[in-house]
Amino acid sequence: MSEGLRFACTGCGKCCSGHHVPLTLAESHQWARDGGQVVVLIEGFLADGPGMPPEQRDHVLRRSLAVPCGNAQLHVSVTFAAFNPGRCRHLDADNLCGIYATRPLVCRIYPAEINPHLPLRPDAKDCPPEAWQQGPQLIVGNRPADPHLAALIDASRQADRDDIAAKVAVCQRLGMTTSALKGNGFTAWLPDMQAFLTALESRQQAPAAAWSVHLEDSDLTQDLQQHGLLTTAQAPVYYAFIGF
Ligand code: SF4
Ligand code: SF4
């Protein structure tokens, strides 16, 4: 994060349009119950192998779950996010949040970063220039100056760790078991929301699943196959591959 940055939200509402908002498991449940659409984004890596960013090892391992993939274990990270290709369904005509008091954690944290390895870059955010020229200092000593914001970020990181097993179980119940390689892209799924709710509320053990990795690069495919991973290059039918 960037020491010395000042910030105060102008209420422009830009961050509420065209962004999929990552949700905790509980928030996903609420979003689905309220009739919202969730997009599921999946990426995976090998512990100390392809896809693992060594400098982020502890962070990415703690928010992932090992699943069987070919003859190896793939660590998958699953994001459930509010599907907002345009304006968020809760953004009203005055650019105000209709669920402000109960809005998701990520909405409370923006524009601060949740990943401790990502520096806060104003030019990568939607906030207008004047937002960075007013208000109190945002970052002190690599931590948010506001202890309330720091607590929200900690809560979001902890939810990622606490929720990953349940998210993977939902994926397995719905057959969403093709991952992308971390750093190479995501697989993106738009589940039927009634089926999603049923999978989320199920108390039965998720069925065993054989995971695979979607790749469109022949060198990467060869590398991952040599590590024992099951790969696929088939044109996806039930998901989209968002490559970097
Ligand atoms: S829930 Fe509210 S704060 Fe979050 S993106 Fe939607 S309108 Fe914006
Ligand atoms: S884009 Fe930035 S300034 Fe605009 S509403 Fe969102 S947080 Fe506030």
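The values are calculated or read from the model by the stated rules, or taken from the named source; none is laboratory data. What you see is a predicted model; the values in this text were computed from it and never measured. All Cβ positions, even for glycine, are placed from backbone atoms using ideal geometry, and neighbour counts span all protein chains on display. For accessibility, only protein heavy atoms count, side chains too; no ligands or nucleic acids. Shrake-Rupley method; radii C 1.70, N 1.55, O 1.52, S 1.80 Å.
For this structure, a couple of remarks:
- Within the assembled protein chains, the solvent-accessible surface assigned to Ser212 is about 20 Å², based on a 1.4 Å probe.
- With Cα atoms as the point set, the radius of gyration and Dmax of the chain evaluate to 18.8, 55 Å.
- Here's the picture: charge each Lys and Arg Cβ at +1 and each Asp and Glu Cβ at -1 in the chain, and of Thr232, Leu174, Pro119 the one pushed furthest to the positive end of that dipole is Leu174.
- Whole-Hz couplings from phi, Karplus 6.51/-1.76/1.60, listed for segment 70-82; x for Gly and Pro: x, 9, 10, 10, 9, 8, 9, 10, 10, 10, 9, 9, 4
- Loop-resident sites, segment 1-105, for GluC sites (Glu not before Pro), counting at most 15 other Cβ within 10 Å (DSSP): Glu3
- Amide H contacts of Leu74 (H built 1.01 Å from N, under 5 Å, at least 5 apart or other chain): Val67, Cys69
- Relative contact order (%) - the chain, alpha-carbon pairs under 8 angstrom, separation at least six: 31 percent
- The chain - mean residue ellipticity at 222 nm from DSSP helices (-39,500 (n - 2.57) per run, n ≥ 4, rounded to 500): -8000 deg cm²/dmol
- Å² of accessible area per residue within the chain, as computed with a 1.4 Å probe and no ligands counted: 51 Å²
- Couplings 3J(HN,Hα) for segment 10-24, derived from phi with the Karplus relation 6.51 cos²θ - 1.76 cosθ + 1.60 (θ = phi - 60°), are 8, x, 5, x, 5, 6, 9, 10, x, 10, 7, 9, x, 10, 6 Hz, where x marks Gly and Pro.
- Those lysines that a straight Cα-Cα span of less than 23 Å connects to Lys125, excepting residues fewer than 8 apart in one chain: Lys14, Lys182
- With every protein chain in place, segment 14-243: carbon and sulfur % of accessible area (1.4 Å): 51 percent
- For Arg87, the residues 5 or more places off, or on other chains, whose built amide H falls under 5 Å of its own are Gly18.
- Segment 154-200 and segment 10-47 have Cα centres spaced 11 Å apart.
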